[in-house]
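The numbers here are math on the coordinates, done by the rules we state, and not lab data. No experiment lies behind these values; they were computed from the predicted model shown. Here Cβ is always computed from backbone atoms with ideal geometry, including for glycine, and neighbour counts include all displayed protein chains.
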């Protein structure tokens, strides 16, 4: 009886291994047939005519590039002026314009929880090379309690990337991509 149980266990293990091995090519084929991804170029931040410190616009730009790269939703993240963008047919351009800015105070935030928040609101647009807007969102970023004023730019970048991820992008045409 013991040998019969052992052989049944061996058969069950063999079936499990066979199912795993047989499913691997199906997974590989699924990834191989995947729709090509877009490449995104991050444009410099437009201050929108507001009196905002240059370090805020630079920090937004840098944080957007970093967070978009981390998310891996795009085959490549290019910076404004990157010559490789000329060779990419599946290119989306991220334009970000600051709509409102409320400077905060780290000191006030440290003393009280109701004052001193740094707030940013931006309009982010993803558009195709021909200028057609494929996704547009108004996104907020702020720092209310702890952290430096520039922390609002990091929070803003996270929210922009989240909005892009939740949005629906059109299918990209098959082509060679920048890596």
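Observations
- Spin-label pair residue 173-residue 62: with each label point 7 Å from Cα along the Cα-Cβ axis, the two points sit 3.7 nm from one another.
- A simple spin-label model places pseudo-atoms 7 Å from Cα toward Cβ; at residue 82 and residue 138 they are separated by 3.0 nm.
- Eigenvalues of the alpha-carbon gyration tensor of segment 39-166, scaled by 5 and square-rooted, set the equivalent ellipsoid semi-axes at 29, 13, 12 angstrom, largest first.
- Gain on full extension, evaluated as 0.36 nm per residue between residue 73 and residue 115 minus their Cα-Cα distance, stands at 11.5 nm.
- Gain upon complete extension [residue 150, residue 123; 0.36 nm per residue less C-alpha separation]: 7.9 nm
- Highest average packing first - 82-93, 130-141, Cβ atoms within 10 Å: 82-93, 130-141
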